[in-house]
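*Asks:* Attaching a single structure in structure tokens format; questions to follow.
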Amino acid sequence: MTFNLKSPISELIKPNILIVDDHPFIIEGYKNAITRYKTNEYEFEIAQAYDCRSAYELLENQNTPQFEIAFLDISMPAYEEKNLFSGEDLAKLIMKKMPYCKIILLTMYTELLKIKTIIRTINPNGLIIKNDLTFDELLLAFDKVMNNQKYYSQSVVKMLNQSPHNSIEIDEFDKQILFHLSKGTEVSEMPQYIPISLTEIEKRRVSLKELLKVRSGSDDDLVKEAKSKGLF
């Protein structure tokens, strides 16, 4: 395996890597795999964070270097004050601040709708279902992405090859409503956190119940159904 970096960062001797996962032992596993992958040209500098808040603080620190590649778990503790609720939101932030950084997303989600939504909204350089993850799989993904190729793990490829079906589209406000419902926030209090009116929040909650076919169900039923489809 060799690297052939084709962006303005290609001449760096020590590529910088970011790993964000709320399980420290998983981060150590990634680091062990990556640090075994060395060439005469490259030796990696690895930074790590454990949730959306610590990742945000790292990215906003003026002393933080540009990252060439970021491994992001999709599900992790949110940083509500900055509207960062997942690895997807972090990916969007990194893409804005560091446009040459390559993004590899890792997830336990196996819902086709969720996978298609990730690809449509983030278009990551790599997407790996964690159940597919092995030492060799991680290094293969790393090598392909660093050589400007897309990498989807075998479960992702299999899902994408399934018969197309009707997709469900929700926006960021809907996701925030679902998130706050899952945390037990009263609907009347949500305008403190979501920049839309209470009337609009109520309307969206009803629409979400209709969309997910839980019209007569509770908010807990709505959250459960939305999570099962990987909508937030």
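*Asks:* Tell me, how many Å apart are the Cα centres for the range 177-232 and for the range 94-165?
*Replies:* Answer, in whole Å: 28.
*Asks:* Can you compute 3J(HN,Hα) from phi for each residue in the range 197-210, using the Karplus curve 6.51 cos²θ - 1.76 cosθ + 1.60 with θ = phi - 60°, rounded to whole Hz and x for Gly and Pro?
*Replies:* Coupling constants for the range 197-210: 6, 4, 4, 5, 5, 4, 4, 5, 4, 4, 5, 5, 5, 5 Hz.
*Asks:* Let me check I have the definition right: for the range 145-220, take the eigenvalues of the Cα gyration tensor, multiply each by 5, take square roots. What are those semi-axes in whole Å, largest first?
*Replies:* Over the Cα atoms of the range 145-220, the ellipsoid semi-axes are 33, 18, 11 Å.
*Asks:* Give me a comma-separated list of calculated 3J(HN,Hα) values for the range 75-89, in order, Karplus coefficients 6.51, -1.76, 1.60 applied at θ = phi - 60°, integers in Hz, x for any Gly or Pro.
*Replies:* Whole-Hz 3J(HN,Hα) from phi for the range 75-89: 9, 7, x, 7, 10, 4, 4, 10, 6, 10, 10, 6, x, 5, 5.
*Asks:* Please compare each pair in LYS130/LYS175; LYS183/LYS213; LYS82/LYS213; LYS92/LYS158; LYS116/LYS203 to a cut-off of 28 Å on the Cα-Cα distance and tell me which ones are over it.
*Replies:* LYS82/LYS213
*Asks:* Do the sum for the chain: with -39,500 (n - 2.57) for every DSSP H run of n ≥ 4, divided by all residues, what is the mean residue ellipticity at 222 nm, to the nearest 500 deg cm²/dmol?
*Replies:* -12500 deg cm²/dmol
*Asks:* Considering only the chain, what is the antiparallel percent among its DSSP beta bridges, to the nearest 5?
*Replies:* Just about 5 percent of them are antiparallel.
*Asks:* Name the residues whose placed amide hydrogens come within less than 5 Å of the amide hydrogen of LEU84, ignoring near sequence neighbours (fewer than 5 apart) on the same chain.
*Replies:* Amide H neighbours of LEU84, under 5 Å, 5+ apart: TYR79.
*Asks:* Suppose R0 equals 41 Å; then what is the FRET efficiency for ILE196 and LEU58 from their Cβ-Cβ distance, rounded to the nearest 0.05?
*Replies:* Rounded to the nearest 0.05, the efficiency is 0.85.
*Asks:* Same structure again: In degrees from 0 to 90, rounded to the nearest 10, what is the angle of the helix 219-228 Cα long axis to the longest principal axis of the chain?
*Replies:* In the chain, helix 219-228 runs at an angle near 30 degrees to the longest axis.
*Asks:* Oh, and also: Please calculate how many Å² of accessible area the chain carries per residue, with a 1.4 Å probe and no DNA, RNA or ligand atoms counted.
*Replies:* Per residue, the chain has an accessible area of 52 Å².
*Asks:* Can you tell me how much longer the chain between ILE46 and GLN66 gets when fully stretched, taken as 0.36 nm per residue apart minus their C-alpha distance, in nm with one decimal?
*Replies:* Value of the extension gain: 6.0 nm.
*Asks:* Follow-up. Report, to the nearest whole %, how much of the accessible area of the chain belongs to carbon and sulfur atoms, 1.4 Å probe, protein only.
*Replies:* Ligands and nucleic acids excluded, carbon and sulfur give 47 percent.
*Asks:* Sticking with this structure for a sec: In Å, what Rg and Dmax follow from the Cα atoms of the range 93-222?
*Replies:* Every Cα atom of the range 93-222 included, Rg and Dmax give 18.0, 51 Å.
*Asks:* Continuing with this model, one more query. Mean separation of Cα pairs under 8 Å and 6+ residues apart, divided by the residue count of the range 127-210: what relative contact order is that in percent?
*Replies:* Over the range 127-210, the number comes to 21 percent.
*Asks:* Can you give the FRET efficiency for LYS213 and ASN131, using 1/(1 + (r/R0)^6), R0 = 30 Å, r = Cβ-Cβ distance, to the nearest 0.05?
*Replies:* 0.60
*Asks:* Work out Dmax and Rg for the chain from the C-alpha atoms and quote the Rg first, both in angstrom.
*Replies:* 19.0, 63
*Asks:* Please work out the ratio of the alpha-carbon Rg of the range 15-89 to 2.2 N^0.38 Å and round it to two decimals.
*Replies:* Normalised by 2.2 N^0.38 Å, the Cα Rg of the range 15-89 equals 1.13.
The values are calculated or read from the model by the stated rules, or taken from the named source; none is laboratory data. Computed from a predicted structure; not experimentally measured. Backbone-built Cβ (ideal geometry, glycine too); neighbour counts: all protein chains shown. To get the accessible areas, we keep the full protein, side chains included, count just its heavy atoms, and leave off ligands, DNA and RNA. Shrake-Rupley method; radii C 1.70, N 1.55, O 1.52, S 1.80 Å.
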